[in-house]
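A short write-up of the structure that comes next.
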Amino acid sequence: MKIDINPLEQYVKRAERRINAHMVVTAQDLAHAHKRRMADYVNEGVFIDSDFAAAAKIEGMTPQELATLILAKPDTMMAAENRRRSFIVRIRQATTPKEIEAILAESGAPPHYDDVQVMGSPDHIGHRRIIPGSLL
């Protein structure tokens, strides 16, 4: 039985993992996306959620005023997702490790924690090194 291994496939998977870990969605991002969706509902006259009304009260605004303010701002969640996806697609289209490394450098994604190891000797306690061949 012959096993055919393409090292580039693993390189791509590790690069994707690195991008995804770096550009992870936070709870705050999800809260902003939910607030934006609620602002759409208020703006369209569908309904006013009680939590959205409470948020407006905290800001000293009516729900309609808060909805207008929120919808006037750019949709940063969608922009962040588009940026993340653009890196993933480019990584999948890359044909060499050098191309992948250039994309990772452009993304600013630090090494993934699974690719970083704490050195075990007493002289190196707490110092980190990148495991050879671990995508930068």
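The values are calculated or read from the model by the stated rules, or taken from the named source; none is laboratory data. For clarity, every value in this text was computed on a predicted model and none was experimentally measured. When we count neighbours, we look across all protein chains shown, and the Cβ atoms used for this are built from the backbone with ideal geometry, even at glycine.
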* Among the residues of the range 38-94, write down those that are out of contact with any Ser or Thr (no Cβ under 7 Å at 6 or more places or on another chain), surrounded by 13 or more Cβ atoms within 10 Å (Cβ to Cβ) and either aromatic (Phe, Trp, Tyr) or not in a helix (DSSP H, G or I) (or both). => Tyr41, Ile48, Asp49, Phe52, Met61, Thr62, Asp75, Ala94
* Candidate set from the range 95-106 (those that are surrounded by 15 or more Cβ atoms within 10 Å (Cβ to Cβ) and of a type in the set (A, V, I, L, M, F, W, C)); member that is farthest from the chain's Cα centre (by Cα) -> Ile100
* Read through the list (1) at pLDDT below 95; (2) on the phi > 0 side of the Ramachandran plot, then give the number of the only condition that Gly60 fails. => (1)
* **Check on Asn6, free of Cβ contacts under 8 Å to residues at least 24 places away in the same chain, within 22 Å of His112 (Cβ to Cβ) and of a type in the set (S, T, N, Q)** => yes
